[in-house]
1. So, in segment 24-56, how many residues would count as being small (Gly, Ala, Ser) and at positive phi?
2. Restricting the search to segment 1-59, which residues are farther than 20 Å from Glu78 by Cβ and touching a Ser or Thr at 6+ places or on another chain (Cβ under 6 Å)?
3. Taking the options Glu19, Glu48, name whichever one is of a type in the set (D, E, K, R), touching a Lys or Arg at 6+ places or on another chain (Cβ under 9 Å) and under 23 Å from Glu85 (Cα atoms).
4. I'm trying to understand the selection: among the residues of segment 92-129, which are more than 14 Å from Ala31 (Cα to Cα) and part of a loop (DSSP other than H, G, I, E, B)?
5. Scan segment 73-93 and report the pairs whose first residue is closer than 18 Å to Asn111 by Cα and whose second residue is β-branched (Val, Ile, Thr) and assigned to a loop (DSSP other than H, G, I, E, B), with Cβ atoms within less than 9 Å and a gap of 6+ or a chain change.
6. Quick check on segment 25-35. Is at least one of its residues in contact (Cβ under 8 Å) with a residue 40 or more places away in the chain, under 11 Å from Met70 (Cα atoms) and touching a Lys or Arg at 6+ places or on another chain (Cβ under 8 Å)?
7. I need the full set of residues from segment 76-105 which are closer than 18 Å to Glu19 by Cα and buried (at least 18 other Cβ atoms within 10 Å of the Cβ), in order please.
8. Which condition does Thr58 not pass, out of (1) among the β-branched types (Val, Ile, Thr); (2) under 11 Å from the mean Cα position of the chain (by Cα); (3) crowded, with 19+ Cβ neighbours inside 10 Å, if it passes all the others?
Amino acid sequence: MNLPEALKYTKEHEWIKLENGVAVIGITDFAQGELGELVYVEVDTVGERIEKDEVFGTIEAVKTTSDLFMPVTGKIIEFNKELDENEGDNPGLINSDPYGDGWIVKIEIENSEDLEDLLDATAYQDLIE
């Protein structure tokens with residue numbers, strides 16, 4: 001299983017990384033594998049401030065729908081157009097490249113200290129074993 005060391009992880013299977021002062025968020029390789037073929041991603045919270053651990057969207061697979069939880073408090077500034085049904089409409093990117101082109105949202109972090117509460121790759125690996 002792919003588990004990049006440079007990322008931080010949540011117990012709800014989201015990952016986060018900082019890129020030029022902006023945080024990028026997606027779901028882990030483990031999560032997409034458990035969900036199976038993804039058919040829809042909904043994020044209608046762009047422009048909103050979302051508290052840590054609040055739901056910011058949903059992800060739908062053939063068998064189930066799951067909530068997406070915000071790893072840190074921040075303002076959502078972008079939803080990946082390639083996943084948006086009105087744009088690219090390709091949620092399968094999450095299955096094929098969960099840590100790259102399959103990212104879900106970009107946010108402005110309100111408090112970078114929130115990152116300290118997240119899991120590193122080793123702790124996340126222990127969680128899913």
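1. Residues in segment 24-56 being small (Gly, Ala, Ser) and at positive phi: 2 in total.
2. His13
3. The match here is Glu48.
4. If the condition is that a residue be more than 14 Å from Ala31 (Cα to Cα) and part of a loop (DSSP other than H, G, I, E, B), then Gly100, Asp101, Glu110, Asn111, Leu118, Asp120 are the ones that fit.
5. Note: pairs meeting the criteria are Ile76/Val43; Ile76/Thr45; Ile76/Val46; Ile77/Val46.
6. Yes, segment 25-35 has at least one match.
7. Correct list: Ile76, Phe79, Asn80, Pro98, Tyr99, Gly102, Trp103, Ile104, Val105.
8. (3)
Read the figures in this text as sums done on the coordinates, not as results from a lab. As the structure is a computational prediction, the values presented were derived from the model and not from experiment. Don't worry about glycine lacking a Cβ; one is built from the backbone with ideal geometry, like all the others, and counts go over all protein chains shown.
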